């Protein structure tokens, strides 16, 4: 280890360790935990352990009207009923100092979202001290030549955000020690919800600063090149993504050695569901670097609920059509919070009157993410992805229908996670 790096202590070693391959399985309405877990069990039966991490953001809890504890209740029940023998976790997703306290009793995984703090200036003395402490970050030659000035520029952009992550981490630790006797927890730092992707040199500076804050980080979610729109495939230069993903894995391996960060530190891919075109490049990179990954697939389960409702026919299909009509009517309000991660052509959205006449096959063909189907409509899929608020407004009507259509819904949820996500990312090739 370079002696110029920041001091490291035992607190850098996590006492709760996340497995190498993990899957964030969001569940908007807390009804699909067993169906999601079955997909992980199918992987385990084939010799690959994929750790499920149930995640639900504070925003989603607010929209649905649920409490954080409900996620743990559903996860515990699924693991017990299905006899899951491996670890599983509950993620307080995208939390900050103002929202974290309500998750302390039920979560053992914390995604510290500090994207809003990126660009806020740290103290000049802190930036200078960081650069003085990390002379090893100044490097000449290909592929990433850096200078003291460029490192200081990166630190000016990201140091305050990392300091904020440190404040959140220590706050969680104090409260867990007080309320749960010091139980361990997993820490992720999220910087993906920002305008520009982080370059590998920026990622290295961020990791050095995280080490200085003595955060035993186990996953980090940078913003990658390209667009990660909700519920649809990756949009961007796949070759460039693969290069940057490999470079990021190399940076993480270096940071683990240089700064004694946890040995299982890995990349986290947010809005990772349905990014089918980059799953093969990710899989190649993981095998090349012998690395792990955490893939968040939150919204895809909610869409499979709608597909299952429609597939069930009858009242299930009618409710799915009603949700589309309501989402269409409120499309501006629904889309505005997600403007950076959706790309909907309103002119290609069918009218509610047209959808009202659809058969179950027509509805599911438009919504199911099968790009070989000429009836697939990514605009419908993105609108309904952000339209779960309309289902939440239906309250018990929607939840009751989930129970009535459980067979078709759970079958779709399990098949989607296993066949479209776990198999191509973790099992093939």
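Taken over region 171-195, the criterion of being within 27 Å of residue 157 (Cβ to Cβ) and part of a loop (DSSP other than H, G, I, E, B) is satisfied by 191, 192, 193, 194, 195.
Residue-wise test of (1) closer than 30 Å to residue 21 by Cβ; (2) in contact with a helix residue (DSSP H, G or I) (Cβ under 8 Å, 6 or more places away or on another chain).
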| site | (1), (2) |
| --- | --- |
| 297 | yes, yes |
| 300 | yes, yes |
| 307 | yes, yes |
| 317 | no, yes |
| 320 | no, yes |
| 329 | no, yes |
| 336 | no, no |
| 339 | no, no |
| 343 | yes, yes |
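Residue 91 meets each of the listed conditions (1) surrounded by fewer than 14 Cβ atoms within 10 Å (Cβ to Cβ); (2) within 20 Å of residue 296 (Cα to Cα); (3) at pLDDT 95 or above apart from (1). Of the candidates 315, 320, 250, 310, the single residue that is part of a helix (DSSP H, G or I), farther than 30 Å from residue 63 by Cα, out of contact with any strand residue (DSSP E or B) (no Cβ under 7 Å at 6 or more places or on another chain) and touching a residue at least 24 places away in the same chain (Cβ under 8 Å) is 250. When each of 229, 264 is tested for being in contact (Cβ under 8 Å) with a residue 12 or more places away in the chain, closer than 29 Å to residue 379 by Cβ, in contact with a strand residue (DSSP E or B) (Cβ under 8 Å, 6 or more places away or on another chain) and part of a loop (DSSP other than H, G, I, E, B), the lone residue that passes is 229.
Scanning region 373-387 turns up no residue that is without any contact (Cβ under 8 Å) to a residue 40 or more places away in the chain, under 25 Å from residue 27 (Cβ atoms), part of a helix (DSSP H, G or I) and more than 23 Å from the chain's Cα centre (by Cα).
Matching residues to (1) modelled with pLDDT of 95 or more; (2) over 21 Å from residue 419 (Cβ atoms); (3) assigned by TED's automatic domain parsing to the domain that holds residue 257; (4) out of contact with any strand residue (DSSP E or B) (no Cβ under 9 Å at 6 or more places or on another chain):
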site	(1), (2), (3), (4)
36	yes, no, yes, no
52	yes, no, yes, no
59	no, yes, yes, no
68	yes, yes, yes, no
107	yes, yes, yes, no
115	no, yes, yes, no
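Taken together, 193, 188, 153 contain a single residue that is closer than 30 Å to residue 104 by Cβ, surrounded by fewer than 23 Cβ atoms within 10 Å (Cβ to Cβ) and either under 19 Å from the mean Cα position of the chain (by Cα) or modelled with pLDDT of 95 or more (or both), which is 193. Might you check whether a residue that is assigned to a helix (DSSP H, G or I) and farther than 19 Å from residue 15 by Cβ occurs anywhere in region 84-98? For region 84-98, residues assigned to a helix (DSSP H, G or I) and farther than 19 Å from residue 15 by Cβ: absent.
Please find, among 75, 79, the residue that is assigned to a helix (DSSP H, G or I), under 13 Å from residue 53 (Cα atoms), in the same structural domain as residue 217 (by TED's automatic domain parsing) and in contact with a strand residue (DSSP E or B) (Cβ under 7 Å, 6 or more places away or on another chain).
It is 75.
Of 279, 363, all but one fail to be under 26 Å from residue 399 (Cα atoms) and modelled with pLDDT of 95 or more; the exception is 363. Quick one: in region 34-55, which of the residues that are farther than 22 Å from residue 66 by Cβ and under 19 Å from the mean Cα position of the chain (by Cα) is surrounded by the fewest Cβ atoms within 10 Å (Cβ to Cβ)? Out of the qualifying residues, it is 49. Taking the conditions exactly as written (surrounded by fewer than 13 Cβ atoms within 10 Å (Cβ to Cβ) and either farther than 30 Å from residue 68 by Cβ or assigned by TED's automatic domain parsing to the domain that holds residue 69 (or both)), does residue 111 satisfy them or not? Here the answer is no, as residue 111 does not meet what is asked. The listed residues are 168, 151, 127, and the only one of them that is part of a helix (DSSP H, G or I), touching a strand residue (DSSP E or B) at 6+ places or on another chain (Cβ under 6 Å) and in the same structural domain as residue 95 (by TED's automatic domain parsing) turns out to be 168.
Over 15 Å from the mean Cα position of the chain (by Cα) and surrounded by fewer than 23 Cβ atoms within 10 Å (Cβ to Cβ), is that true of residue 293? The answer is no for residue 293. Inclusion of residue 363 among residues that are more than 16 Å from residue 230 (Cβ to Cβ) and either in a helix (DSSP H, G or I) or under 27 Å from the mean Cα position of the chain (by Cα) (or both) is warranted.
The values are calculated or read from the model by the stated rules, or taken from the named source; none is laboratory data. Everything numeric here is computed off the predicted structure, so don't read it as measured data. All Cβ positions, even for glycine, are placed from backbone atoms using ideal geometry, and neighbour counts span all protein chains on display.
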